[in-house]
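Values quoted throughout were computed directly from the atomic coordinates according to the rules given, and no laboratory measurement underlies them. These numbers come from a predicted model, not from an experiment. No Cβ is skipped: glycine too gets one built from the backbone with ideal geometry, and neighbour counts run over all protein chains shown.
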Amino acid sequence: MPTPRSKSLLTHLAAFASFLVVAMIFCKPAMQGMVLRQDDNIQWRAMYEDQRRVKEQTGNQPLWTKQMFSGMPAYQISLEAPNPISFQHLYSLFTSILPKPVHFFVLACLSFYFLALAFQANPFVGILGGLAYAYATYHPVIIGAGHDTKMVSLALMPMLVGAIHLIFQRRYLIGTALSAVAASLLIGANHPQISYYTILILGAMTLAELVYAFRAKDYRHMATSLALAVSAGLLGVACNAVLLATTYEYSKESIRGGSMLADKQSPNDQNGLNKEYALSYSIYKTEPLVMMFPRIYGGSTGNLEVSEDKSKAIEALQQMPPELGQQLQSYLQFYWGGISQGTSGPPYAGAIISFLALLALTVLPNRHKYWMVPVTLFAFALSWGHYFEGFNVFMLEHLPFYNKFRAPSMVMVIPTLLFALAAVMALQELLFVEVSPTSMKQYRKGLYVVAGVFIVALAVYFSSNFTSETDKSLGSNK
């Protein structure tokens, strides 16, 4: 007769098998020998070529290149720094077994599955949550663009959040060990902006847990948890000291450090990016609705929303003189949101996931709701960028290290993760908690919240003129 432990192991193996099968189906072209174009990776290979050639000739990788910006540290392009205490070999082993981009999706699924289990979700609910998180629209989009380090960081983010949560659940040993491994892997993925957003999530969760421990007068648990979490984070930093130190050193001479050259080109804060550059790629205040309604602001900037032979706009352009029609067609935008620079697609989290996340606003225990809701709203406010300029300029000036980053819309990765987590917790309540008159009342309140969001979405839809910033500028130049 199977023991509870063997049943648990079989469940985890079934989860891994499910994630692998779905990823292989989703990435079928890669399994057939095809490769993604990934423009950013092509550009990286071109930048790395100088280092590759020198290493091939001398056996040593140079730390300076003359091929970029009239000379720059080559370690910002590629850095070989063997570290005996690094956990990166674990990721290397994982990627050597599974082909790219299959391993991105499997890793994201497994990481979120662990997060769901850390929050005591049923394993099968965790499997659904893992699939929902891994295949949120933003992830395939950035993989296609070649943002590999960003995708790896996003895949590891749930693992670190779940591991820290275990510490606060008094599972000190396993929580600290996994937190150290996750922190090392996440920092080693080398996407500081995603690591920064992860810290914002952890900060909110930690603050909430400390408040609850303080109110319960459980000072020992509070001190122990905080010390272990900080120790795990510091170990993750130590494992990547060379990577972090070199990047920090170089940042002082870049526009992110307010260099003299950057200041002459544009008025920079001496410690970070100027507000115009930092707040580029901002989204409208109502644009977070795309998490539930993906096409409410269009799709990709350059991809047709309807086939060319059915497009009334293209039909009208084709009736113009050929030179004028072709010129205007090159300016066609199929995204009319706030990002004037264009986008490859909306950060759609899923209609069902968003519905469950909204339902969770009234269903979740206050212990989780009181930190998940504020950090989500904070992320929305940051994503508005220059459309909420007073607030975001204040953040650039006062939130530590925030002025080192650009593209406020990227912060939508925070609600993408928290929506999936809230949806898992809400589904857990719906499926495994006995319905009572009190819970029914909470569900009804949740449905009112969902109805309110639908009303807002309808208002945006019927009041929208479906024109992008480019369309408006063309109209003003008539």
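Working from Cα pairs under 8 Å separated by at least six residues, relative contact order for the chain is 16 percent. As a rough footprinting exposure proxy, the listed residues Met292, Met24 were ranked by other beta carbons within 10 Å of their own, and the order from fewest upward is Met24, Met292.
Taken as entire DSSP H runs, the helices of the chain that both span 20 Å or more between Cα atoms along their own long axis and average 1.6 or more on the Kyte-Doolittle scale are 102-118, 172-188, 413-432. Ordering Ile296, Ile353 by the number of other Cβ atoms within 10 Å of each residue's own Cβ, fewest first, gives Ile296, Ile353. Placing dummy labels 7 Å off each Cα toward the beta-carbon, the span from Thr58 to Ile352 is 5.7 nm. Specify whether the C-alpha gyration tensor of the stretch 84-251 places it in the rounded, prolate or oblate class, a ≥ b ≥ c being the square roots of the eigenvalues: rounded for a/c under 1.5, otherwise prolate if a/b is larger than b/c and oblate if not. Note, shape of the stretch 84-251 comes out oblate.
Using the beta-carbon distance between Ala457 and Glu389 and R0 = 22 Å, what value does 1/(1 + (r/R0)^6) give for FRET efficiency, to the nearest 0.05? Could the numbers behind the result be given before it?
Numbers: r = 25 Å, r/R0 = 1.13.
Taking R0 as 22 Å, the efficiency between Ala457 and Glu389 is 0.30.
Tell me the net charge near Ala360. Cut-off is 10 Å between Cβ atoms, Ala360 excluded, with +1 for each Lys or Arg and -1 for each Asp or Glu. Local net charge: 0.
With the Cα gyration tensor of the stretch 152-294 giving a ≥ b ≥ c as the square roots of its eigenvalues, does the rule (a/c under 1.5 for rounded; else a/b larger than b/c for prolate; else oblate) give rounded, prolate or oblate? Taking the square roots of the gyration eigenvalues as a ≥ b ≥ c, the stretch 152-294 is prolate. Reducing the stretch 337-387 and the stretch 83-153 to their Cα centroids gives an inter-centroid distance of 21 Å.
Here the residues Asp39, Asp50, Asp218, ranked from fewest to most Cβ neighbours within 10 Å of their Cβ, fall in the order Asp39, Asp218, Asp50.
Using the structure shown, list the pairs from Lys150/Lys217; Lys285/Lys445; Lys28/Lys285; Lys66/Lys275; Lys285/Lys369; Lys150/Lys252 with a Cα-Cα distance above 32 Å, or answer none. Result: Lys150/Lys217; Lys28/Lys285 exceed 32 Å.
The local environment of Leu79, defined by Cβ-Cβ distances under 15 Å, has a net charge of -1 under the rule Lys, Arg +1 and Asp, Glu -1.
Relative to the present Cα-Cα distance, how much length would full extension add between Ser464 and Glu434 at 0.36 nm per residue of separation?
Details: separation 30, 0.36 × 30 = 10.80 nm, distance 4.32 nm.
The span from Ser464 to Glu434 would gain 6.5 nm if fully extended.
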